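Have a look at the structure below before the remarks.
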Amino acid sequence: MSHATADMPYFIKPSQTITDDDKRVAYDQAVQEIKALTGSESDVIMKMVSINCILKTHLPYYYWVGFYCVRDGALIVGPYQGTLGCLHIDFGKGVCGQVAASQKTMIVKDVHALVQGDQHIACDPNSQSEIVVPVFNADGQLIAVFDVDSSVVDSFSETDQHYLESIMHSCFAEGTLTQTPLAL
Ligand code: SME
């Protein structure tokens, strides 16, 4: 049975489009907050949840935002905000898996133009456009991909790519990363 339904739960809103100039203002503000809050932190999960929250607060076209983390040669869902995300994605599958394999950012203007189940994995049918950015640690190893979906077609531009690649680099490739053990 699919979890995907076109109904948005009470805590989810459709994306609102903003201009590229307004995006830059919003990202500048978000970057300041992310640096102030997590600049001296090392815990990976703490950083991921805070980045999701701050970016989603400032950027009104973010419908789903979150991380898929590399585990045993595949991706598993990590911290996110939005409707239920798929749990497992193989390298090479969907937009996230293609980015994990190529280690290069992808912007998809219209996810319905892709081959469903192969080039794109639909976790929520309201998603229309998407950007996925690779996340590396200080050793240059891929630790995750960062995924943003919009419920509007063509939401993401090179402005998003520029800011998101820079945020991922400063948060995960500079300084030390630690992973809090979940089972003590
Ligand atoms: N659409 C993604 C799957 C993850 S969801 O968007 C949350 C993909 O094609 O990889």
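The table below gives the values:
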item	result
Value in Å of the Kirkwood radius, where the chain supplies the Cα pairs that are averaged	16.5
Summed residue charge, Cβ within 14 Å of G39's Cβ, Lys/Arg positive, Asp/Glu negative	-2
Straight-distance crosslink candidates among aspartates and glutamates, where the alpha carbon sits under 19 Å from K23 and sequence neighbours closer than 8 are dropped	E33, E130, D147, D149, D154, E158, D160, E165
Hydrodynamic radius of the range 21-101 per Kirkwood, over alpha carbon pairs, in Å	13.8
Alpha-carbon centroids, the range 26-70 and the range 103-154: separation in whole Å	17
DSSP loop GluC sites (Glu not before Pro) with at most 15 other Cβ within 10 Å: longest gap in the chain	42-173
Q128 long-range amide H proximity, modeled H, under 5 Å	S150, S151, V152
Within the range 79-111, trypsin sites (Lys or Arg not before Pro) in DSSP loop having at most 11 other beta-carbon neighbours inside 10 Å	K104
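No value in this document is a laboratory result; all are computed from the given coordinates. Note that the structure is a prediction, hence the values are computed from the model and not measured. Backbone-built Cβ (ideal geometry, glycine too); neighbour counts: all protein chains shown.
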